[in-house]
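Heads up: the structure comes next, in structure tokens.
The values are calculated or read from the model by the stated rules, or taken from the named source; none is laboratory data. These numbers were taken from a predicted model, which means no experiment stands behind them. Every residue, glycine as well, gets a Cβ built from its backbone with ideal geometry; the counts of neighbours run over all protein chains shown.
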């Protein structure tokens with residue numbers, strides 16, 4: 001009886017935490033303060049003679065064996081609460097209609113309480129053909145979950161891939177955080193061997209270094225979502241949660257680590273130049289121009305989450321409108337640089353300047369390869 005009570009208490013805490021995360025992201029300024037994504041330092045070369053028709057541009061791309069109508073994915077946001085179910089359903093319907101893909105938030109809540117499965121499984125109901133990504137946290141695959149439980153998460157949404165999210169920053173700041181990260185690489189390797197779907201490893205706003213990207217590729221992952229710094233700060237989210245509880249230490253830690261991480265453009269270049277598997281660029285992507293720059297630097301998909309949270313609480317139509325606007329801007333930028341396809345966009349000239357260039361050059365990464373591309 002005592003063990004069952006402990007499980008119920010933990011489940012309730014997870015649900016409460018997920019509800020608080022949504023509320024904080026909607027009501028508070030959780031964006032980076034003194035660090036940027038670096039997209040302001042990335043310059044695509046304008047072509048006065050694009051020699052293509054905008055209407056002829058092909059945005060489609062194939063990644064992880066799935067064809068996307070445009071190189072855009074909605075990265076994992078939420079699940080496990082009634083409000084989360086509404087958010088997931090709205091996004092799922094929009095990505096289905098647009099031919100895109102999406103991920104769900106951590107499925108830990110549903111693995112502990114099957115009654116919450118519907119808040120996740122709704123995505124496949126609303127998006128029967130879209131590319132869907134299941135989601136499990138790294139600490140849980142070491143401490144809690146067997147291969148069979150991870151398969152349950154995949155089957156729950158009939159997922160096309162599994163994302164294992166790395167969030168050491170958030171866990172370190174979160175009062176209930178789990179900072180047992182020893183042995184995670186070994187478990188990732190075991191899961192890539194044991195699962196029938198591709199495994200994507202994603203950060204949650206602090207980026208992935210070249211060193212870690214190489215280790216992940218060697219462990220057999222099918223793709224990496226860099227999720228760099230400069231967008232949503234999960235240290236900031238946990239700062240506001242600590243504030244609710246008058247947790248002075250948590251507030252101080254969140255404040256000091258608010259801008260911790262590798263900027264999105266830096267982590268993207270580091271990873272693209274270090275591995276040969278598909279890379280997803282996320283972390284502060286807010287426009288079609290950002291997606292275009294990310295693809296020009298070698299990403300296969302551009303991912304975003306927070307900008308769609310508020311629209312998703314309104315309707316799937318609002319989500320579709322926001323995504324359609326981003327995709328139209330991406331297509332316009334492709335026209336302006338003379339790229340008739342996403343493959344061509346990956347070979348247009350790009351100039352990287354400022355702090356981003358300084359960081360990358362000091363780490364030994366080549367920028368000339370981007371600037372000297374042929375027209």
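Could you please find all residues in the range 211-239 being touching a residue at least 60 places away in the same chain (Cβ under 8 Å), crowded, with 20+ Cβ neighbours inside 10 Å and assigned to a helix (DSSP H, G or I)?
Hits for the range 211-239 are 213, 234, 235, 236, 237, 238, 239.
I need the strands (runs of 3 or more DSSP E) fully contained in the range 25-90, keeping only those with at least 2 residues that are more than 29 Å from residue 126 (Cβ to Cβ) and touching a helix residue (DSSP H, G or I) at 6+ places or on another chain (Cβ under 9 Å).
Per the criteria, 42-44.
For residue 183, state whether it is in contact (Cβ under 8 Å) with a residue 12 or more places away in the chain and farther than 25 Å from residue 66 by Cα.
So residue 183 passes the test.
Take the conditions under 19 Å from residue 362 (Cβ atoms) and either in contact with a helix residue (DSSP H, G or I) (Cβ under 9 Å, 6 or more places away or on another chain) or free of Cβ contacts under 8 Å to residues at least 40 places away in the same chain (or both) and apply them to residue 262. Does it pass?
Spelling it out, residue 262 is indeed under 19 Å from residue 362 (Cβ atoms) and either in contact with a helix residue (DSSP H, G or I) (Cβ under 9 Å, 6 or more places away or on another chain) or free of Cβ contacts under 8 Å to residues at least 40 places away in the same chain (or both).
Every residue in the range 163-190 that is under 20 Å from the mean Cα position of the chain (by Cα), over 22 Å from residue 20 (Cα atoms) and in a helix (DSSP H, G or I), please.
184, 185, 188
Is it true that residue 12 is in a helix (DSSP H, G or I) and at pLDDT 95 or above?
Against the criterion (in a helix (DSSP H, G or I) and at pLDDT 95 or above), residue 12 does not qualify.
Picking from 79, 103, which residue would you name as being at pLDDT 95 or above and either on the phi > 0 side of the Ramachandran plot or touching a strand residue (DSSP E or B) at 6+ places or on another chain (Cβ under 8 Å) (or both)?
Answer to the selection: 103.
Going by what's in this entry, would residue 94 be described as modelled with pLDDT of 95 or more and either outside any loop (DSSP other than H, G, I, E, B) or closer than 20 Å to residue 318 by Cα (or both)?
Criteria met by residue 94.
Tell me whether the range 139-151 contains one or more residues that are modelled with pLDDT of 95 or more, over 19 Å from residue 192 (Cβ atoms) and surrounded by fewer than 23 Cβ atoms within 10 Å (Cβ to Cβ).
No, the range 139-151 has no match at all.
Among 223, 207, 284, 194, which is under 25 Å from residue 329 (Cα atoms) and at pLDDT 95 or above?
One residue alone meets the criteria, 284.
In contact with a strand residue (DSSP E or B) (Cβ under 7 Å, 6 or more places away or on another chain), within 30 Å of residue 65 (Cβ to Cβ) and modelled with pLDDT of 95 or more - does that describe any residue in the range 245-261?
no
Every residue in the range 240-254 that is without any contact (Cβ under 8 Å) to a residue 60 or more places away in the chain and part of a helix (DSSP H, G or I), please.
Selection gives 243, 248, 249, 251, 252.
Among the residues of the range 344-374, write down those that are in contact (Cβ under 8 Å) with a residue 12 or more places away in the chain and in a helix (DSSP H, G or I).
345, 354, 355, 356, 357, 359, 360, 370, 371
Conditions first: (1) buried (at least 20 other Cβ atoms within 10 Å of the Cβ); (2) touching a strand residue (DSSP E or B) at 6+ places or on another chain (Cβ under 6 Å); (3) on the phi < 0 side of the Ramachandran plot. Residue 205 passes all but one, so which condition is the exception?
(3) is the only condition that residue 205 fails.
If a residue must be in a helix (DSSP H, G or I), touching a strand residue (DSSP E or B) at 6+ places or on another chain (Cβ under 9 Å) and surrounded by fewer than 20 Cβ atoms within 10 Å (Cβ to Cβ), how many such residues does the range 152-162 contain?
1
Do we find that residue 77 is under 26 Å from residue 178 (Cβ atoms), under 19 Å from the mean Cα position of the chain (by Cα), in contact (Cβ under 8 Å) with a residue 60 or more places away in the chain and surrounded by fewer than 24 Cβ atoms within 10 Å (Cβ to Cβ) in this structure?
Working: under 26 Å from residue 178 (Cβ atoms): yes; under 19 Å from the mean Cα position of the chain (by Cα): yes; in contact (Cβ under 8 Å) with a residue 60 or more places away in the chain: yes; surrounded by fewer than 24 Cβ atoms within 10 Å (Cβ to Cβ): yes.
For residue 77, the condition - under 26 Å from residue 178 (Cβ atoms), under 19 Å from the mean Cα position of the chain (by Cα), in contact (Cβ under 8 Å) with a residue 60 or more places away in the chain and surrounded by fewer than 24 Cβ atoms within 10 Å (Cβ to Cβ) - is met.
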